[in-house]
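Have a look at the structure below, then the notes.
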Amino acid sequence: MEDGWISKQEHDFLSSNHSYVTELTNQIRVNSKGACDEDDEDGEDISEDCEFVRFFPGFVWAVRDFTLERKIDGRDVSDDDYLDFALQLKKGLAPKILTYNHPRQCIRNFFPTRKCFTFPFPSSAKNITQLDSMSESELCPDFLRVADRFCTYVCTESRVKTVQWGHRVTGSRFSHLVKIYVDTINSGSVPCLENAVVAMAEIENQSAMNEGLRLYEQGIEQLKAEFPTDLESLSAEHSRLSTMATKEFLKRSFKDEGGKYMAQLAEKVANLYEQLITQNMDTSEKMCRKLLPDLYANIAGNIKQGVYAKPGGYEAYCHDCDAMVAEYQQHRKKGMKGEEMLEEFLKEKNVEANSILMADERLTDAEKQNAGMMAAITNILQSQNKSKAVHLGTSHAQPIKA
């Protein structure tokens, strides 16, 4: 490595990166504190610089088409040593030295983790224009070895993107952050990491709540196909679906401070469950209102035909009603309002039952009276027959001769 090469090309590279880093730090604030007093400005800048380190990525310097020797003071050095040497600061306060040190100091401050890879030419000079069409086996072995080390390092050592409080940033969260930053910068304001995270959390938690609710709604739609059902089965399925919705929310939620969105999800699930109970009861009522008249149809037909209009008819009516109730009780699809609707139905038939009872009592009393009259007539006739027999016996008796 030659100092002249470092000074010229490295300085251009570091200066361009310094411009990028400086612009980035000027365009983003870490927290949402208000403007500080002028006396506190320097202290705040230092504090912010330290905060930026927590969010900036690792620094990887990939040097392409590297042909020089990696030597410092005549000894071979590694790629990382090469980078550290390039970032060394010069002593002095002259403007030229300050300009030289400034980009290096920024990189050292903002990127404590640094890595360097020096890539040789990928192929011979005559094949450079054909790189896009060349197979991997045609590339320079030394280039492939460096490329393999580079890819391995990036895949294994790169940190997962995080925001404040160590929360990981997924693809959707990252897209939300980028949009928030870009929109804020385009509006002429300075984006704040803390505020951006809060805004992202609002979006993510709203989405997580909607997804949990969607999962619950999908489950209850399938449950509605089983209506009407009993309260115990309905409650058990609600508990299962509610647990699934909560787990889905927790899997997707982000920094739900105070459980605001969790509470909203629980409230929406509770409201849907109340609606579900109402729909189940309505379906149960419709089912029972159809089932009971169908089961009572034979009894209604007997009433019209006067089957029960005889002595003992009420007892026969009660027997048929008991059989109808037993058949109703065995029916599985009555639902939550099964007993209530049966009680209401039998109450409606009380007038009918009382009429049959009263008719039965009248017919029974009349039959008893008829039976009494017939017995009296029979007794009279029997008495008359006996009297006639005695009279005839007396009339035909002969006198005794002396």
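The values are calculated or read from the model by the stated rules, or taken from the named source; none is laboratory data. For clarity, every value in this text was computed on a predicted model and none was experimentally measured. Reconstructed Cβ throughout: ideal geometry from the backbone, glycine too, with neighbour counts over all protein chains shown. With ligands, DNA and RNA removed, areas are computed over all heavy atoms of the protein, side chains included. Shrake-Rupley method; radii C 1.70, N 1.55, O 1.52, S 1.80 Å.
A few remarks follow.
- Options Asp183, Asp132, Asp142; residue that is part of a helix (DSSP H, G or I), modelled with pLDDT under 90 and surrounded by 11 or more Cβ atoms within 10 Å (Cβ to Cβ): Asp183
- Candidates Leu234, Leu215 - the one that is in a helix (DSSP H, G or I), open to solvent by less than 30 Å² (accessible area, probe 1.4 Å) and in contact (Cβ under 8 Å) with a residue 12 or more places away in the chain: Leu234
- Only one of the listed residues (Arg332, Arg289) is exposed (fewer than 15 other Cβ atoms within 10 Å of the Cβ) and outside any helix (DSSP H, G or I). That residue is Arg332.
- Residue count for segment 62-94, restricted to those that are open to solvent by less than 60 Å² (accessible area, probe 1.4 Å), assigned to a loop (DSSP other than H, G, I, E, B) and farther than 22 Å from Phe143 by Cα: 3
- Check on His167, at negative phi and touching a residue at least 40 places away in the same chain (Cβ under 8 Å): yes
- So Ala353, is it open to solvent by less than 60 Å² (accessible area, probe 1.4 Å), among the small types (Gly, Ala, Ser), part of a helix (DSSP H, G or I) and out of contact with any helix residue (DSSP H, G or I) (no Cβ under 9 Å at 6 or more places or on another chain): no
- Residues in segment 95-129 that are free of Cβ contacts under 8 Å to residues at least 24 places away in the same chain, open to solvent by less than 80 Å² (accessible area, probe 1.4 Å) and among the polar types (S, T, N, Q): Asn101, Gln105, Ser123, Ser124, Asn127.
- Residue check, Ser137 touching a Ser or Thr at 6+ places or on another chain (Cβ under 8 Å), in a helix (DSSP H, G or I), surrounded by fewer than 15 Cβ atoms within 10 Å (Cβ to Cβ) and of a type outside the set (D, E, K, R): no
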